[in-house]
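Note sheet for the following structure.
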Amino acid sequence: MQIRTISEFRSAVRNGPYAWPGGYPIYFVCDDGAALCCKCVKKERRSILSSIADKMNDGWRVIGLDVNYEDDMLHCDNCSDRIESAYAG
């Protein structure tokens, strides 16, 4: 899912860390390709909101979210925590 506006970002955050339907774990994708866990997105929301509003390419602009189906080595590029996967260990 693409995120182009502050409203779309806020809606995605409100929906929580799991996709519906299915309950698959999600993560956010930044303009530089970095993956962010839901915990860091909430923690860094001010920087993210500012970057979305100003259309900055500074690494904080969230441009989408995705489901982590099978990547058991996916880690948050901010805190380094492992991002849960739906099917892999």
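The numbers here are math on the coordinates, done by the rules we state, and not lab data. Model, not experiment: these values are computed from the prediction. Quick reminder, even Gly has a Cβ in these numbers, built from the backbone with ideal geometry, and neighbours come from all protein chains shown.
Structure summary
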read-out: Extension gain, A34 back to Y18 (0.36 nm per residue minus Cα-Cα distance, nm); value: 3.9 nm
read-out: Spread of Cα-to-Cα distances over 5 Å intervals beginning at zero, given as percent, for the chain; value: 3, 16, 28, 27, 16, 8, 2, 0
read-out: Label-point gap, in nm, between S11 and D81 - each point 7 angstrom along Cα→Cβ; value: 2.6 nm
read-out: Order of Y27, Y69 under a 10 Å beta carbon neighbour criterion, fewest first; value: Y69, Y27
read-out: Average Cα contact separation per residue, the chain, under 8 Å, 6 or more apart, as relative contact order %; value: 32 percent
read-out: Nitroxide proxy distance, nm - points 7 Å out along Cα→Cβ at L49 and D71; value: 2.8 nm
